[in-house]
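The values are calculated or read from the model by the stated rules, or taken from the named source; none is laboratory data. Source: prediction; values computed, not measured. Neighbour counts run over all protein chains shown; Cβ positions are idealised from the backbone, glycine included.
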Amino acid sequence: MPTPPSTPSSSADRNPVAPIWHTAVFVIGLLGIAYLQHLPSFAAHAAQAPSRVPTYLLTICFELCLLAYVWFLGLKPYKIAMSDIVGGRWSRWGDFWTDVRVAIVFWAAIAAMLLVVSVTLHFSGAEAAKFLLPQTPAEMVIWVVLASTAGFCEEFIFRGYLQRQFLAWTGNRAAAVVLQGLIFGAGHWYQGTKGVVVISIYGMMFGVLAAMRKSLRPGMIQHGAQDMISGLVGHFAAKYHYIHVLRL
């Protein structure tokens, strides 16, 4: 069983949480999959499918596989508990509602950023991901599960695992926030170059929140809720022709 290498810093969050090869394989694999999703055939196939449920279920499995890879091959051999990565505690209801309030305030900041960047770059996230929006009641139900899964898994992986790794390697918290944000944005390559820029900034903001709160909990709440509501609002926007969703 490997043990974490020693570092001169006395701060636990500056210790690596996995071996270098583990993170290298993760990043290379993620970028490879993102490249395949960027190909025009990916969006065309998803748009022409009679149901989005298989795509949603496949994405849920993919998120959980990434989480399993990080946990079983990275954190567990280093004796890092999930709670060490997540941080924070809900020992009473007040702790939970504090994180909810932080998530709501952060949501306002995210909305302002997305508005400014989207207008500046002439980019619409709803348009870029329109082929993934739910269209039927069954798709809407699975979408809620997908959004909840993504909220937990992506925050744990990017703002938890990757940000801790980059902090340990660079010794610079700002660099760690930026690097994980760039990789997070690149993982959404299917939304195009402008989408990568916007989502990278989005990921960096979550990184700042995690660093300030020393917890992933507010980010997980906001991330899951925003994905969930965005998909459901996108469904009704498409239904009433505010955006055009690709159909058969």
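Identify, please: which residue in the range 175-194 is surrounded by fewer than 21 Cβ atoms within 10 Å (Cβ to Cβ) and small (Gly, Ala, Ser) and is, among those, nearest to the chain's Cα centre (by Cα)?
Among those that are surrounded by fewer than 21 Cβ atoms within 10 Å (Cβ to Cβ) and small (Gly, Ala, Ser), it is ALA186.
Of the residues in the range 127-172, how many are closer than 17 Å to ALA18 by Cβ and aromatic (Phe, Trp, Tyr)?
5
Going by what's in this entry, would ALA129 be described as aliphatic (A, V, I, L, M) and at pLDDT below 95?
yes
Could you figure out which of (1) within 12 Å of the chain's Cα centre (by Cα); (2) within 24 Å of PRO40 (Cα to Cα); (3) surrounded by fewer than 18 Cβ atoms within 10 Å (Cβ to Cβ) isn't true of SER148?
Failed condition: (2).
Which fully enclosed helices (runs of 4 or more DSSP H) of the range 152-248 have 1 or more residues being modelled with pLDDT of 95 or more and at positive phi?
On the way: elements: 163-170, 173-186, 192-213, 217-239.
No helices (runs of 4 or more DSSP H) qualify here.
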